[in-house]
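Comments concern the structure below.
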Amino acid sequence: MKSVMKSLALLLAVSPAVALARSQPEPDAPAPDASGSAATEQPGADPVPPPPSVTPAEPNSSDRIVPERQSDPGLATAPFGDPAHHKLELDLEIFGTGAYTSSDGPAFSEFRLDRGELGAVIGLGPYLGSELRLESIRSAQNGGELGIAGDSIVVRVKRAQVFGDYDIAGAPESLSVHGALGITPDPWITALETDYPLRPLSATASERVLGWPTSDLAGLGRVTYGPVRLSVSFGNGEGLDYPERNNGKTTTGVVEALPLDTPDARLRIAAVARDGSVGPARVRDRRFGGGATLWTPLVGAGLEAVQAYGIAHRGDLEALALSGWAEVRPAKPLALVGRFSTIGYANGGGRASSFGGAVALEPWRDRTFDHRAREQCRTQRADQHRCIGMETIGYARLWLALDRTTTSGAAMPIPGADAGAATTLLLIVSTTAPFTVD
Amino acid sequence: MFWCAVRWWLVFLLGCGSAASAREDFVINTLAEDNYLWAMRDPQLVALKLVKMQRDPFIWMRGTPIVYWHDISDAGEARTPTRFGDAASSRVLLVADPHPENIGSFRAGDGSMLIDWNDFDSSGYGPFEGDVRRLAAGMIVASHDAAKPETAGDVDPAFQDAIAHAVGTGYAAQIQALAAGQAAMPVTTGAAKYLDKLLAKARTNGDAGKDLADVSEVVDGTRVFLTGDLDPIAPDGVIEGRLTSVDPIERARIEQALAPYLAQHPELGTLVALARSYGSGVSSYPAIRYLALVSADRIVEIKEERDGLILPLPRLQAAEWSSPAARSIDAQHRLQFRRDNDVLAGVADEGTLTFRVQDHASYQRGVNASDLGDLAIDPAKSGQVVELATIFGGMLARAHGNTLTEDGVLGWTVIAPVIGDGSGFADEVSTMARADAAQVIADWQMVRGEDLAARVIPPGAR
C-alpha cells in the first residue's frame, strides 16, 4: 500500500511538469488538415503502423499495394485500415518502457523494450504486394532461464504475407476484394487496433486477457463494400508460437462498418465470430464478440466485449472479457487517457481486472494527411486510384502511466494466498517512424 | 456433435474441440507443450517416456508435475482457496516436485550418511503449501501394490487421510520448531526402519564401488564403459538402462563444456571416457544424459536441465539464475540439509544446452515408491508409511524453512505466521492432497492404454 501511495505521489509530482510542457511551443506542430480535423492524432496500434504520410498521396495508379495497417484516428482517408500505395514502405515501431512495480510481494523496477518492430512492404505491380514484419521478443520466457546467449532479445517474424487487391467496377458502391496468404494479421485484432491509440499502454483485452494471437499462418480474404467490410481468416490458430499441431483449422470472421464517417466524427463498429482449436488435443477456441470505436477531434473512446469458450489449454473455461478506453485531447500536444479490461470466468472462476490511466505528450508528429487527396482516390475502377488504405505518419509520444491489476476468487494465481495484484508506474516512449518511396 | 458435423460440411477441416473432453484435452496439450522441444529433437525418447508414464499412477505423477502446477495456478479453474497462505509465503523456494522418489541418501563431505531431497529439476519460487500437498499426494498415490496399478484408487480413505495428516503435521511441527529457535536435525540412521535399510545399503554399495562396477570394466589396465542395454528392455519396450558410445565430435563438445567444471574439481583429474546414458527418470526421461569417467576412477553424471517452476506472479523479466542448471544446483545447495551432500554438484554449459553435473556414486540411493506400496498394503507395516510421511513432511519444512525466499528472508519467518499453531493446517493438506491424488489417478485412468505419442508428439516430428 505504501508503494502504491508512493506511486501516486510521484504521479502527482510529475503533473506540473506535464502542464509546463503544455505551455511550450510545439517542436513541429502539425497543421490541421483541409477538413479541419485536429492534428493531434494517435498512434495506431499493433499490426502495422499507423498512419499518415509524409507524402500526401497522389496515389499512383500503377502502384497498388495493400498490406494490413493501422489507421491514425482522424487522419484516416478511408473506412478501413488496409492498404498503402507505395512501391516501398518501411517503418519502425518502438515502445521503450521504464516500469516500477509495487506488488503484494516485492517491489521491482526495470527497463523493457515492449515493442521493437520493423516492417517492409514492397509493391509487386498494380495488384500485388508482399510484406515482411519482424518483432523483437525475449528469448526466454518471462522469469525463465533458458534463452539464447543468456536471455537475449531476438527477432522473429510477425508477418510474412503476399497479398492482392482488386477493385470491382460496376458496383453501385465501391467494391473491392483483398486476399492474403502467409503469416497474416488477425482480422479481429486489426479491427480493434484501428483507431486504438493506447497500444503502448496495453494490448486490447482480446490479446491481453484471452491470449488472442495478433497474426497466424492463414489465408485472409476481405470484401469491402462501401462502409462495410467482411473479413474471413482461415488458418492454423496457433499464432506465432507453434506451427500447426492438429488437423482442425481456425476460422475467424469479422464484420466492420462505419455508420458515421465525417471529418468531425467517426464511429466504427465490428463484430467477430471465431471457431477453431489449439494444440494437438484440439482444445476448443471459440469466440463471439463486438466492439465499437468513436473518434472525434477532442475525444476518442472504445469498447470491446468478447465471450470466450475455451482459453489456452482449458477447453472447459468460459469467460466474458470486457474493456473500454477513452482519450481526451484538450490541447496539442497533450492527451489524457484511461482504460480498463476485465475478464470474468464462468462457474465461479473469479475475475481478473486491470485499469489505469496516463498523460501523454506528443513532442513530434510528421505532417498530417491531406484529406483532399482522398477525393482523388475514390473510384470503383481497378485501373484508377483506389485509396482504401491509410497513409502512415511518424510521431513520437511520451507517456506517464499508472496500471493496476487485481484478481479475485479462482482467477487468483494462488487462491487465498496471492492475488498477483500489482500497481505499475510506467514511463513509456513510443514512436512510429515510416518511410515510403513511390 | 451436430454443430461440429455442420461445420465440417460448411467449412472443411474446421476445429471441433468441445468441453466434453476438456480434462483430457488439457492434459494432452500440457504434455505436448512440456515435451515440445524434446519431441522435436528425440521423438522416440518422448514416446518411450509416455509409455513409461502409463505403467502406474505414481509414475504418471512423476511425469506430470507441469499438470499439477497448472492445476494449482491456472486462472478461472475452480480451486479451493487456502487458509494458510499469503503473498510472502508464496515466494518460498520449492523443490516443486517433492514426491517420495525424489528423496534419497547422500554421503556428506565428512562421510556421514543422511536422507535428503535429491531432484531439483522443477525447483523455483512458489507457495509452500503447493509442495506440501504434492508430497502428501505422492505418498498417497504410492500406497498401493505396485504390481496392481489399477488398485491405486482403492486405498482406504482413512489411510489416505492418515498419511496426508502425517505430512501436514510433520511439516507444521518442524516449522514451529524453527520458529522457536530449535536447530533442525538431519534425517539419518535411526529415523525410520525403512530409511535405516536404505542408508545401510547405500553405504555398502558405495563402499564397494558398485557404481563403477555396474557400468564399467577394466580392459588391458584401462577402465572403459560397458555399452548396450545394461538393464533389459522392459516388456513395454521402454529402455531401462542403456549406455552408448559418443562420437568424437560429441565428446569434444562435452569435454569443452566440462573443462571449467573439472578445473573446479582437480581431485577428479581429467576426462577418461564418456558415454550417453538412457533410461533414467520419468519427467526428464528424454533429457540428454552422459556418464563421464574421470581419471580419479570416479563417475559423474551429466544431465540436461530446463526451466523449472515459474508461476504467473508479478516479477522481473529476468530470472534469478543464469541457466536452468545453475538454478538446479543453487536450489540443491540451499534446500538440502548440508551444502556438501554432493560435493561434486556443479554446472556445465554447452551452447544452448545446460547440464547439471553430480556424483554418480552408489552412496546416493533413492526411495522406491513400490517399497512404500509394499509397506502400505501390509497391515503390520502400514504404520511405517505414516511414520515416513511425518519424517518427509518435517524434511520438507526444514528445506523450506531454512532457505531464503525470493524476498531474501528465511522461509520459516514467512511460513510460521500463516501456519500459526498448526491447527487446521493438516486438515487442509489432507483435503487438498487427497483431491490431488484422486486427480492423478483419474488422469492416469483416462489415458491408460492410449497411444499418447500419437497425440502428444507433433506430426512433423513423428
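For the pair B:Ala147 and A:Leu336, label points projected 7 Å from Cα toward Cβ lie 7.9 nm apart.
Legend: mean number of C-beta atoms from other chains within 10 angstrom of residue C-beta atoms, peptide B:453-460, equals 3. The residues neighbouring B:Met185, those whose beta-carbon lies less than 15 Å from its own, together hold a net charge of +1 under the Lys/Arg +1, Asp/Glu -1 convention. Peptides B:233-244, B:95-106, B:27-38 ordered by packing proxy, namely the average of other Cβ atoms within 10 Å per residue, highest first: B:95-106, B:27-38, B:233-244.
Chain pair A, B: how much accessible area is buried, both chains summed, with a 1.4 Å probe, in Å² to 100? By this definition, chains A and B bury close to 4900 Å². Over what distance in Å are the Cα centres of region B:21-74 and region A:337-359 separated? If you average the Cα positions of each part, the centres end up 32 Å apart. Taking the 1.4 Å solvent-accessible surface of the protein assembly as shown as the whole, the part contributed by carbon and sulfur is 59%.
Using the Cα gyration tensor of region B:282-380, with a ≥ b ≥ c the square roots of its eigenvalues, what is the shape: rounded (a/c below 1.5), prolate (a/b larger than b/c) or oblate (neither)? Because a/c hits 1.5 or more and a/b fails to exceed b/c, region B:282-380 counts as oblate. Probing with 1.4 Å while keeping every protein chain in the model, the per residue accessible area of the protein assembly as shown equals 37 Å².
How would region B:212-332 be classified by its alpha-carbon gyration tensor: rounded, prolate or oblate, with rounded meaning a/c under 1.5 and the a/b versus b/c comparison settling the rest? Since a/c reaches 1.5 but b/c is at least a/b, the shape of region B:212-332 is classed as oblate. What is the distance in Å between the Cα centroid of region B:393-418 and that of region B:287-348? Value for the Cα centre distance between the two parts: 21 Å.
Go ahead and run the numbers for FRET between A:Leu92 and B:Gln44, Cβ-Cβ distance against an R0 of 45 Å, rounding to 0.05. The pair A:Leu92/B:Gln44 has a calculated efficiency of 0.50.
Kirkwood Rh and Cα-based Rg: tell me the resulting Rg over Rh for region A:57-437, rounded to two decimals. My calculation of the ratio gives 0.96.
Within region A:263-294, the residues that become at least 40 Å² less accessible when every protein chain is included than when their own chain is isolated (1.4 Å probe; DNA, RNA and ligands ignored) are A:Asp275, A:Pro280, A:Ala281, A:Arg282, A:Arg284. Cα centroid distance between region A:277-307 and region B:196-263, in Å? Answer, in whole Å: 56.
Taken residue by residue and averaged, Cβ atoms of other chains lying within 10 Å of the Cβ of A:102-112 number 4. Relative to the current alpha-carbon distance between A:Ser139 and A:Leu113, full extension at 0.36 nm per residue lengthens the span by 8.1 nm.
Spin-label pair A:Ala171-B:Arg338: with each label point 7 Å from Cα along the Cα-Cβ axis, the two points sit 8.1 nm from one another. Using a cutoff of 8 angstrom between alpha carbon atoms and counting only pairs six or more residues apart, the relative contact order for region A:57-437 works out to 19 percent. Under the simplified labelling scheme, the B:Asp220-B:Ala442 pair shows an inter-label distance of 6.3 nm, with each label point 7 Å from Cα along Cα→Cβ. Taking 51 Å as R0, compute the FRET efficiency from the Cβ-Cβ separation of A:Tyr127 and A:Phe288 and round it to 0.05. E between A:Tyr127 and A:Phe288, to the nearest 0.05, is 0.90.
Taking one quarter of the surface of the convex hull spanned by the alpha-carbon atoms of the protein assembly as shown gives a direction-averaged projected area of 39.2 nm².
May I ask you to derive the FRET efficiency for A:Thr262 and A:Phe435 from their Cβ-Cβ distance with R0 = 41 Å, giving the value to the nearest 0.05?
Details: r = 31 Å, r/R0 = 0.75.
E(calc), rounded to 0.05, equals 0.85.
The overall shape of region B:138-249 is oblate: from the C-alpha gyration tensor, with semi-axes ordered a ≥ b ≥ c, the ratio a/c is 1.5 or greater and a/b is no larger than b/c.
Run the helix sum for the protein assembly as shown: -39,500 (n - 2.57) per DSSP H stretch of 4+ residues, divided by residue count, reported at 222 nm to the nearest 500 deg cm²/dmol. Show your work: numbers first, answer last.
Numbers: 21 runs with 247 residues, N = 900.
Rounded to the nearest 500, it is -8500 deg cm²/dmol.
With a cut-off of 18 Å on the backbone N, the residues of region A:174-188 near the modelled label site 7 Å out from A:Tyr225 along Cα-Cβ are A:174-179. Per residue of A:247-254, other chain Cβ atoms within 10 Å of the residue Cβ number 3 on average. Remark: the A:Arg208-A:Ala301 segment gains 31.7 nm on full extension, using 0.36 nm per residue and subtracting the alpha carbon distance.
Using θ = phi - 60° in the Karplus curve 6.51 cos²θ - 1.76 cosθ + 1.60, the 3J(HN,Hα) couplings for region B:77-82 round to 7, 5, 10, 6, x, 6 Hz; x is entered for Gly and Pro.
The listed peptides B:301-312, B:387-398, B:78-89, A:111-122, ordered by packing as a protection proxy, come out as B:387-398, B:301-312, B:78-89, A:111-122 (highest mean of other Cβ atoms within 10 Å first).
So how do B:221-227, A:184-190, B:374-380, B:313-319 stack up, highest first, on mean other-Cβ count within 10 Å?
Output ranking for B:221-227, A:184-190, B:374-380, B:313-319: A:184-190, B:313-319, B:374-380, B:221-227.
Using θ = phi - 60° in the Karplus curve 6.51 cos²θ - 1.76 cosθ + 1.60, the 3J(HN,Hα) couplings for region A:198-203 round to 9, 4, x, 7, 6, 5 Hz; x is entered for Gly and Pro.
The values are calculated or read from the model by the stated rules, or taken from the named source; none is laboratory data. No experiment lies behind these values; they were computed from the predicted model shown. Counting neighbours? That spans all protein chains shown, and the Cβs are built from the backbone with ideal geometry, glycine included. The accessibility values were calculated without ligands, DNA or RNA, using every heavy atom of the protein model including side chains. Shrake-Rupley method; radii C 1.70, N 1.55, O 1.52, S 1.80 Å.
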